[in-house]
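Asks: Shown below is the structure under consideration.
The values are calculated or read from the model by the stated rules, or taken from the named source; none is laboratory data. Just so you know, these numbers come straight off a predicted model, no measurement behind them. FYI the Cβ positions are ideal-geometry reconstructions off the backbone, even for glycines, and counts take in every protein chain you see.
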């Protein structure tokens, strides 16, 4: 174990040393992100930062910690991730269409399914000990969908300096902890791989955090999303409903942002693949937060999701159900408060207001301040006058 820890620290150093060379290579290849209406950067920034993460991870897998990984799966995942890296680099240099990027991810997912044998072939029935084994014609599309969805979820959240890399690092560390302490029956090499990717990101973050010197690019965002999807398929399996729930909770921030983006575009009658500037980080910045503050807020949200995922592993079925319901309500209220689906879409907020305040609105009485010597306010002019026959005490005393 001590050797693994030392090698992980060494990978941080390798990543920190290799990133400046990747930055220079980006300028040479023309992998530069120029400012435009959808970008937050004000000057041209080098991308393909994910190439350095890919190189460092494979140095660790094939040299430093080679004995930890089975040969067949290691080479198969290398081939599949190479397809993802190539797709991302072409996009960072030439800018591919969304459909073309999906083809690259699909090819990588097919390699993982058939060559590496990493598949979602068991569906656990919630709150029971029964499992349903999927035939290939169900297992294949579910596996492909899982990889495509998580890969694109991480890619969509890559909009600010250090955002995707930090959220991915938190998710990978959580996956590693869950795999090591809770699901050790699946083998140690999956949590080790999670920790390896996480330390690569730790070495990369000083260059990527605001103000960034290099971006992940689609090279890095697609690679991180793809590897997280593959590692979650391989490692986060158990005999309960947690096998599907844990990775969804761990990746709660990018998954939530993706789901709400799809709903938002559907409500606005726009293509789901059409980009916009209404993602989670855009909405937080519209509230007046700086880039750095926005990233730190989303880091905190990711930590909350990670904590809930680990808490779910320790909870009985009924407690886990209440935990998930509470989390979903909190997410919906947060989404409505920042206007992620638009200012008018606040069904839960309106429902709570109706239940708490009732159907009638209570109006506060209008109060006007009147100082002696000024014109009498309208509300005093209409006061009930005393009967004509009655005199006030002060007037009666004055007469006597």
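Asks: Among the candidates 322, 340, single out the residue that is at pLDDT 70 or above and assigned to a helix (DSSP H, G or I).
Replies: Result: 322 is the single residue among 322, 340 that is at pLDDT 70 or above and assigned to a helix (DSSP H, G or I).
Asks: Counting only residues that are closer than 17 Å to residue 157 by Cα and either out of contact with any strand residue (DSSP E or B) (no Cβ under 8 Å at 6 or more places or on another chain) or part of a helix (DSSP H, G or I) (or both), how many does segment 198-226 have?
Replies: Final tally of qualifying residues: 16.
Asks: Kindly indicate whether residue 90 is closer than 18 Å to residue 152 by Cβ and at pLDDT 95 or above.
Replies: No; evaluated as a whole, the condition is false for this residue.
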